[in-house]
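Here's the structure we're looking at; comments come further down.
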Amino acid sequence: ITLPSPPTEFPPPPMGEMPGPPPGLFSGLFAGLMIIYLVIAIASYIYTSLCLFLIAKKLDVPAPWTAWVPLIQVWTFVTAAGKPWWWILLLLVPIVSIIAGIYLWVCITENLGRNKWLGLLMLVPIVNLVFLGMLAFSKSEGAGYTPDATKA
């Protein structure tokens with residue numbers, strides 16, 4: 001039995017040279033990474049909106065459902081801190097927005113009956129997500145909460 005010879009129109013690559021990546025490899029990797037990024041972004045939006053919603057309910061913010069609407073949730077954030085509406089304008093100024101945002105989280109933490117300095121934990125990545133969950137899902141805080149009150 002004789003084996004057929006390979007076609008002559010496709011010569012093998014010279015020795016020492018590797019063939020290039022298959023076509024579509026980089027675009028496939030990029031698409032996969034973008035899908036992973038999109039899933040993480042949607043999950044983080046749902047988590048932070050849920051936490052803000054629960055905090056707003058604890059603090060008796062009118063219409064806490066606005067925590068789910070992307071641009072209107074700033075109003076919920078400012079109202080939960082107990083500040084007037086014009087604080088939203090401070091959040092639009094580039095450098096001032098960082099300081100105002102930190103101060104608003106300090107106010108929200110204090111309104112929930114925690115030590116106000118714990119609001120600075122919102123500056124630490126990853127810890128801020130855990131702290132946000134602690135503020136939202138803990139049962140002991142809320143409007144009118146006093147730490148010295150005894151349970152009946």
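The values are calculated or read from the model by the stated rules, or taken from the named source; none is laboratory data. Keep in mind that this is a model prediction, so the values were computed, not measured. For neighbour counting, all protein chains shown are included, and Cβ atoms are generated from backbone atoms with ideal geometry for every residue, glycine included. To get the accessible areas, we keep the full protein, side chains included, count just its heavy atoms, and leave off ligands, DNA and RNA. Shrake-Rupley method; radii C 1.70, N 1.55, O 1.52, S 1.80 Å.
Using only C-alpha atoms and all pairs of different ones, pull out the Kirkwood radius for region 44-95 in Å with one decimal.
Roughly 11.1 Å, rounded to one decimal.
I want the local charge near residue 104. Using Cβ-Cβ distances under 12 Å, sum +1 for each Lys or Arg and -1 for each Asp or Glu among the other residues.
Overall, the nearby charge balance is +1.
Whole number in Å², please: accessible area per residue of region 1-131, 1.4 Å probe, ligands, DNA and RNA not counted.
Accessible area per residue: 72 Å².
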